[in-house]
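What follows is a single structure, written as structure tokens, with notes after it.
The values are calculated or read from the model by the stated rules, or taken from the named source; none is laboratory data. Not measured: the values here are computed from a predicted model. With ideal geometry, Cβ positions are generated from the backbone for all residues, glycine too; neighbour counts draw on all protein chains shown.
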Amino acid sequence: MFLFLLPLLLGFTFNAASALTTAFSRHWGEKKGSLATGVLRNVLGIPVWAIGFLMAVRAPSPRLFTKTDAIQAAGLILVGAGALIILLALSSIRSRAAVPSIRDHLVRTGLYGRMRHPIHSGTLLEFAGLVLLRPTRAVAIACALGFVWVLVQTGLEEYDLGQRLPDYRDYIDQVPRFLPRLHPKKR
């Protein structure tokens, strides 16, 4: 039943390591550092933890509660809203999401003008929705670990962004982390 934890935690670890763009670039140079970040995130991180989630969904596991039409609808809304937020955020930062570089500039437009980590916010919504769509112990464990991982990933990314983007410290003071501010602060 808990075999899904291996790829899930391994993928989370690789993905977390991808937040060390500045350190990799200092050690190996800009191009190799950026490549290391991309491989850790896009080859070893996201696909591996996604396999872990798929295994959790398919694992025989006791149900936590009975699924109703209302719960199913709420789950679909959360997953859909999360996916939409992620897609909108990716359209703002484009390739910087896949292969960050020490030459990146701070994006303050679109969703990034309202919250610092819209991709992570969307991911959290998707995890919540997944529990409602597949309310098993295995999926709940995977999603709970996913919530913790997003918090750790966010902290690592903010540390790295603070090192490579000079304006990031001011951005932290002006824009909330996960929940959007309806009216952005004036700069």
* Structure fact -> Matching residues in the stretch 48-77 (touching a strand residue (DSSP E or B) at 6+ places or on another chain (Cβ under 7 Å) and of a type in the set (D, E, K, R)) number 1
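For the stretch 18-33, what are the residues that are in a helix (DSSP H, G or I) and surrounded by fewer than 21 Cβ atoms within 10 Å (Cβ to Cβ)?
So in the stretch 18-33, the residues in a helix (DSSP H, G or I) come out as 21-28, 30-33.
Within the stretch 18-33, Thr22, Ala23, Arg26, His27, Trp28, Glu30, Lys31, Lys32 qualify.
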* Could you check Leu44 against (1) touching a residue at least 24 places away in the same chain (Cβ under 8 Å); (2) among the aliphatic types (A, V, I, L, M); (3) in a loop (DSSP other than H, G, I, E, B) and say which number it fails? => (3)
* Is it true that some residue in the stretch 120-139 is farther than 30 Å from Ala70 by Cβ and touching a helix residue (DSSP H, G or I) at 6+ places or on another chain (Cβ under 9 Å)? -> no
* If Pro180 passes every condition in (1) more than 28 Å from Ser25 (Cα to Cα); (2) part of a loop (DSSP other than H, G, I, E, B); (3) free of Cβ contacts under 8 Å to residues at least 12 places away in the same chain but one, which one does it miss? -> (3)
* Determine, yes or no, whether Gly38 is closer than 25 Å to Leu151 by Cβ and at pLDDT 95 or above. => no
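Take Ala70 and tell me if it is under 23 Å from the mean Cα position of the chain (by Cα) and assigned to a helix (DSSP H, G or I).
On the way: under 23 Å from the mean Cα position of the chain (by Cα): no; assigned to a helix (DSSP H, G or I): yes.
No, not satisfied.
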* Structure fact -> Flagged in the stretch 56-105 as closer than 25 Å to Glu158 by Cα, surrounded by 14 or more Cβ atoms within 10 Å (Cβ to Cβ) and among the charged types (D, E, K, R), in numbering order, are Arg96, Asp104
